[in-house]
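Working notes for the structure below.
The values are calculated or read from the model by the stated rules, or taken from the named source; none is laboratory data. Owing to the predicted nature of the structure, the values given are computational and were not obtained by experimental measurement. Don't worry about glycine lacking a Cβ; one is built from the backbone with ideal geometry, like all the others, and counts go over all protein chains shown.
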Amino acid sequence: MITEYIEAALSKARYEIIEDEEPYYGEVPGLEGVWATGKTLEECRKNLREVIDGWLIVRLRKGLQIPPIGAYKIEELSRLEIGAKV
């Protein structure tokens, strides 16, 4: 579920070339504060994937909403049960 959300977010990413030491810049519209740079487009995309992952962890820990991307939604778990009834 989280992997699919990250892939969906990356498919919405916008990239541009900026004047910087790391000229490739990428961001995901709708995910506030999610952006990354890189020396190559592939490096920028890899960094953006890591930023999305960290952004999700922070939002889940703080109980903040995570906007859906297409059909993908991540909601806070109110209770987690481990184990199976036999």
Report task. Pairs only if they're at least six apart or on different chains, beta carbon under 8 angstrom, first in segment 1-17 and modelled with pLDDT of 95 or more and surrounded by 10 or more Cβ atoms within 10 Å (Cβ to Cβ), second of a type in the set (D, E, K, R) and outside any helix (DSSP H, G or I); list them, first residue then second. Result -> Tyr5/Lys73; Ala13/Glu27; Arg14/Glu27
Report task. Any residue in segment 37-62 that's assigned to a helix (DSSP H, G or I): show its pairings with residues that are of a type outside the set (Asp, Glu) and exposed (fewer than 13 other Cβ atoms within 10 Å of the Cβ) at Cβ separation under 7 Å, as long as the two are six or more apart or on different chains. Result -> Trp55/Gly33
Query raised in the report: Before we move on, is Glu81 modelled with pLDDT of 95 or more and either assigned to a loop (DSSP other than H, G, I, E, B) or surrounded by fewer than 16 Cβ atoms within 10 Å (Cβ to Cβ) (or both)?
Result: no
Query raised in the report: What single numbered condition from (1) of a type in the set (A, V, I, L, M); (2) closer than 30 Å to Ile17 by Cβ; (3) at pLDDT below 95 fails to hold for Leu56?
Result: (3)
Query raised in the report: Quick one: how many residues across segment 51-73 are under 11 Å from the mean Cα position of the chain (by Cα) and of a type in the set (Lys, Arg)?
Result: 1
Requested in this report: Return yes or no: is Glu16 more than 17 Å from the chain's Cα centre (by Cα), over 16 Å from Ile57 (Cα atoms) and not in a loop (DSSP other than H, G, I, E, B)?
Outcome: yes
